[in-house]
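Report on one structure; see the data block that follows.
The values are calculated or read from the model by the stated rules, or taken from the named source; none is laboratory data. Fair warning: this is a prediction, and the values are worked out from it, not measured in the lab. Don't worry about glycine lacking a Cβ; one is built from the backbone with ideal geometry, like all the others, and counts go over all protein chains shown. In case anyone asks, the SASA skips ligands and DNA or RNA and just uses the protein heavy atoms, side chains included. Shrake-Rupley method; radii C 1.70, N 1.55, O 1.52, S 1.80 Å.
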Amino acid sequence: MEQDAATLSCSPTKLFALPARGEKSLTVTAMAYTAQSVGKSRKGLPRAANGELLTPELNAIAVSPDLIDLHGLALDQTVRIDGLDGEYKVMDLMHARHEKTIDIYFGRDAAGARQWGRRTLTISWDHLRQAQAD
């Protein structure tokens with residue numbers, strides 16, 4: 001039985017909708033790190049690769065180098081992480097042995113970082129915003 005366009009359950013506009021202009025997303029492995037894992041004492045605050053202090057309340061991530069080299073992320077760019085509120089700033093780089101990986105900064109919450117463990121999730125960002133800022 002053939003259906004005409006009038007009986008489609010979804011409009012053609014929705015069927016062929018384009019993603020938001022400039023929006024890019026990627027499935028990555030997400031791990032967690034703390035101020036202690038950056039190599040500083042419990043009293044001192046570590047610095048990220050961009051030079052900023054990593055304060056406990058900061059929404060920061062470190063990314064594997066391939067996310068910058070191949071996928072268009074940049075230091076100081078913000079990303080959204082599925083399942084987490086707010087935006088996270090790319091402030092550090094991980095070792096080159098990691099690929100398609102982010103490290104989420106947990107401040108001094110070592111128990112929270114251990115509980116987070118390793119997960120697969122999606123990050124998204126506006127890759128045109130960074131290009132326009134340069």
ask   = Is the shape of segment 64-134 rounded, prolate or oblate, going by the alpha carbon gyration tensor and its root eigenvalues a ≥ b ≥ c, with a/c under 1.5 for rounded and a/b larger than b/c for prolate?
value = prolate
ask   = At a Förster radius of 22 Å, what calculated FRET efficiency corresponds to the Cβ-Cβ distance of Leu75 and Lys100, to the nearest 0.05?
value = 0.80
remark   = Label model pair Arg118, Ala49: point-to-point distance (7 angstrom along the Cα→beta-carbon line) in nm is 2.0
ask   = Asp76 accessible area, nearest 10 Å², 1.4 Å probe?
value = 80
inquiry  = Spelling out what I want: for every residue of segment 66-80, take phi, set θ = phi - 60°, compute 6.51 cos²θ - 1.76 cosθ + 1.60 (Karplus), and round to whole Hz; glycine and proline get x.
reply    = 5, 5, 8, 5, 10, 10, x, 6, 9, 4, 6, 7, 9, 10, 10
